[in-house]
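J.: Sending over a structure as structure tokens; questions will come in a sec.
The values are calculated or read from the model by the stated rules, or taken from the named source; none is laboratory data. Being a predicted model, the structure only gives us computed values, none of them experimental. Cβ placement follows ideal geometry from the backbone for every residue including glycine, while neighbour counts extend to all protein chains displayed. These area figures cover heavy atoms from the full protein model, side chains too; ligands, DNA and RNA do not enter into them. Shrake-Rupley method; radii C 1.70, N 1.55, O 1.52, S 1.80 Å.
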Amino acid sequence: MDYLHQRPDVAGRGEAFRRPDGRLFLSIDTWNQADFALLAADMLPALPRPLYTVVDEADTDLRSCWESAGFTARRREGEYVVPTAPGPVPVLPGVTIGPPSDERALRSLEDAIRAEVSATVGWAEMPAEILPRPDVLDLTKYTVAESGGDYVGLLRLAAVPRQPRIGLLAVRADRQRAGIGRALLTHVLDALHRKGVQAATAEVHEANSAAVALFEGAGARRVGGNVELVLR
């Protein structure tokens, strides 16, 4: 469900929209706290619960506006800059790291990973800005780990204009804790370095200690973050 609200007597705009995980997110765009309160008071009674929004962690004024409307913090996500670097990719027995050649196998892996996420932590714990999977996959944005003829892990770069962003790094549940994630990340950072790219970015859920350790182990530096708020 999409919902758009704008009043001619208020210098601001509010919009509600569903993310790919099915959750309803709300944004209110105005510089004035009083206008924010008017829009929130007009929109919130008409919208179902729960409602979500995302705020830059440095924007304390905007966060205060949402909290005044009844929203509370639900999760935090760190934004990292990951330096690229040349170096050997870890050699894992029986595992090959490289570009995918089989779109059907890649889709099968993504479907398996999505099902595992849905059955465990849920997509609500995945990056707040996660994008829907396109109908036609751009295989040049993917790096996969192959073992025994199957794809068991993947890293997807998001198509952003200025700096590569690691949009998804995932390993099938039955192949985790075997170094595949680190091998994928190392391979991609090496490939980017060879292309003259100095750094990539990534967003990591702060409660995911394994992911935080993986990126920090690759030299990633936290440069900011956001707070996801919810109204139940």
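J.: Of the conditions (1) assigned to a strand (DSSP E or B); (2) touching a residue at least 60 places away in the same chain (Cβ under 8 Å), Tyr151 satisfies every one except a single condition; which number is it?
T.: Tyr151 satisfies every listed condition except (2).
J.: Also, quick follow-up: Looking only at region 163-214, how many residues end up being within 18 Å of Pro90 (Cα to Cα), among the basic types (Lys, Arg) and without any contact (Cβ under 8 Å) to a residue 24 or more places away in the chain?
T.: 1
J.: Out of Ala211, Ala183, Ala170, Ala207, report the one residue that is among the hydrophobic types (A, V, I, L, M, F, W, C), modelled with pLDDT under 95 and in a helix (DSSP H, G or I).
T.: Matching residue, one of Ala211, Ala183, Ala170, Ala207: Ala211.
Table: residues versus (1) among the β-branched types (Val, Ile, Thr); (2) under 23 Å from Thr143 (Cβ atoms); (3) at pLDDT 90 or above.
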site	(1), (2), (3)
Val10	yes, no, no
Asp56	no, no, yes
Arg63	no, no, yes
Ser68	no, no, yes
Phe71	no, no, yes
Arg76	no, no, yes
Glu103	no, yes, yes
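Residue-by-condition table, conditions (1) open to solvent by less than 50 Å² (accessible area, probe 1.4 Å); (2) over 18 Å from Arg114 (Cα atoms):
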{"site": "Thr140", "(1), (2)": "no, yes"}
{"site": "Ser147", "(1), (2)": "yes, yes"}
{"site": "Gly153", "(1), (2)": "yes, no"}
{"site": "Arg156", "(1), (2)": "yes, no"}
{"site": "Gln163", "(1), (2)": "no, yes"}
{"site": "Leu169", "(1), (2)": "yes, no"}
{"site": "Ser209", "(1), (2)": "no, yes"}
{"site": "Leu231", "(1), (2)": "yes, yes"}
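J.: Identify, please: which residue in region 24-80 is part of a helix (DSSP H, G or I) and in contact (Cβ under 8 Å) with a residue 60 or more places away in the chain and is, among those, most open to solvent (accessible area, probe 1.4 Å)?
T.: Glu67
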